Amino acid sequence: MFDYIDIHKRNLIILVILVFIQLFLYSQLYGFRVNNDTDSFIMSFQFFRGNGTDIHPPRYLNPFYPLVGSTIFAFLSPEHALIMTNIIFYFGLVLLTYDLIRRVLKNNAIGFLSAVMVMTSYALIRYGLTQVQDIGGYFWFLLTIYCGWRWWEGDDRKWLIVGGIATAFGILTKESGAMGSLFVGLILIAKNWKNLKSLFLNFLLFSIWPAGTLLINWFRGRDVQYNSMQWLVYNWQTYKAYNFTFFKWVSINLSTFNVAWIAVFVGLYFLYKNRKNIDNNLRLFLLVVIPSSLSYFGWSLFISRTVFVSAWLVLPIAAYGIYELYNAGYKKISMTLSVLIIVAPYFLQSLIGYTPLFVIIERCDYKIECSFKTFVKSRYHYTNFIINSPNYLEQ
């Protein structure tokens, strides 16, 4: 059958099948379990359905999920509505990754491998498919970047409008969902820096929806006497001391992309080796995607679900490295590395579970015996404790 389908459509079909397999495998291994923020999200669903009077103020400012759960998925329980929305975003995230990276590198194979690595990544296994809203933020983040790139390719302004709408929905979903706008802003400057009139008009086309959403949300915040700045300040004051450390940053990045870092360094080597022949579009993409990828530094917690916005900088480089390694004649090594990248996140999740391993190590002052004993205790008795509590080790 595949002989009659071009390689792009074939890849799309295979990716859809793989996502179904991944969802089944995930549900059997881990289940769509609750997370430490789940209660506040479920409360917001109940509030928007008229079944509750209390709501966590920051969730009131991110109403996309509860609105979907109260309309399209009103026939489902809040828990199942949250899961179903995440599953839809999961499909979209994988397909968008494939199409974006294949366009940037003009290579279907690298786009396909990037999509598979995103699909099986540790952050999505641990957080994306649990009962939280982060995967929606990733989707709007990536869709904004995708629209910006499509505009760069063809100068079709409808993509700026769609990208602006995606950013607006990102604002209403999760803070990370709006950070793709940094990419679009730099793309606009790169293309229109000699024509200020076009720069202004294109910026206006893109920003009108996000600006309007921010204004409406500011008025909505008065209903609960709360705004996004208060939420940001609260998190910095509460979590910075225990989560915003160099050790935590290095550790979380290592766990988030684990084995893929080997391929990243291989990719950087080949990027340097092939620097004279690299397409200028690839140079531009890797440059302008950096601010969006590092936008997690604006948040006070280094955890996989915040760091993961850097995936569309890190994983395409890893996929490029594997592809070039294969072409250089190291076929067995490249294929083995690909398999390890796909399998390792399952091993990590099964080993660590939902315990705050790196918090434990820091609280134990990096002492091996204390860290091991506390980890074992938490590993088998974890019940959604507050991982940022200063006296956690005494609990």
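Since every read-out is calculated from the coordinates, none of them should be taken as a lab result. Please read all numbers here as calculations on a predicted model, not as lab measurements. Cβ placement follows ideal geometry from the backbone for every residue including glycine, while neighbour counts extend to all protein chains displayed.
Side notes on the structure shown:
- Net length available on complete extension from residue 237 to residue 262 is 5.4 nm, with 0.36 nm assigned per residue and the Cα-Cα distance removed.
- Placing a pseudo-label 7 Å from each Cα along the Cα-to-Cβ vector at residue 366 and residue 330 gives an inter-label distance of 3.1 nm.
- Share of alpha-carbon pairs per 10 Å distance bin for the range 42-128, given as whole %: 17, 34, 26, 18, 5, 0
- Label-zone membership for the range 132-149, site residue 49, 7 angstrom Cα→C-beta point, backbone N under 17 Å: 132-133
- Volume per residue for the range 202-264 equals 154 cubic angstrom (convex hull of Cα atoms).
- Ellipsoid semi-axes in whole angstrom, largest first, where each is sqrt(5λ) of the Cα gyration tensor of the range 2-354: 32, 26, 20
- Here 100, 287 are placed in order of increasing Cβ neighbour count within 10 Å, fewest first, which gives 287, 100.
- Space enclosed by the convex hull of the alpha-carbon atoms of the range 176-230, per residue, Å³: 84 Å³
- As a rough footprinting exposure proxy, the listed residues 99, 39 were ranked by other beta carbons within 10 Å of their own, and the order from fewest upward is 39, 99.
- Net length gained if the chain between residue 287 and residue 198 were fully extended (0.36 nm per residue, minus Cα distance): 29.8 nm
- This ranking places 158, 174, 191 by how few other beta-carbon atoms lie within 10 Å of each, fewest first, which gives 158, 191, 174.
- Within straight-line cross-link reach of residue 331, lysines at Cα separation under 29 Å, skipping those fewer than 8 residues along the same chain: 9, 106, 273, 276
- Difference of contour (0.36 nm per residue) and Cα-Cα distance, residue 351 to residue 7: 120.1 nm
- Computed from the C-beta positions of residue 297 and residue 229, the FRET efficiency with R₀ = 25 Å rounds to 0.90.
- Computed from the Cβ-Cβ distance with R0 of 51 Å, the FRET efficiency linking residue 84 to residue 106 stands at 0.90.
- Judged by the mean number of other Cβ atoms found within 10 Å, the most tightly packed of the peptides 192-199, 337-344, 217-224, 179-186 leads the ranking 179-186, 337-344, 217-224, 192-199.
- Under 15 Å, Cβ to Cβ, from residue 240 - net charge with Lys/Arg +1 and Asp/Glu -1: 0
- Size of the range 57-176 from its Cα atoms: along the principal axes, largest to smallest, the extents are 43, 32, 24 Å.
- Each helix, a run of at least 4 DSSP H residues, gives -39500 (n - 2.57); summed and divided by the residues of the chain, these come to -23000 deg cm²/dmol at 222 nm.
- With a simple spin-label model that places each label point 7 Å from the Cα along the Cα-to-Cβ direction, the separation between residue 269 and residue 220 comes to 4.9 nm.
- Rough spin-label spacing in nm, given labels placed 7 Å along Cα→Cβ, for residue 77 and residue 276: 6.4 nm
- Over the range 214-303, the alpha carbon radius of gyration divided by the compact-protein estimate 2.2 N^0.38 Å works out to 1.56.
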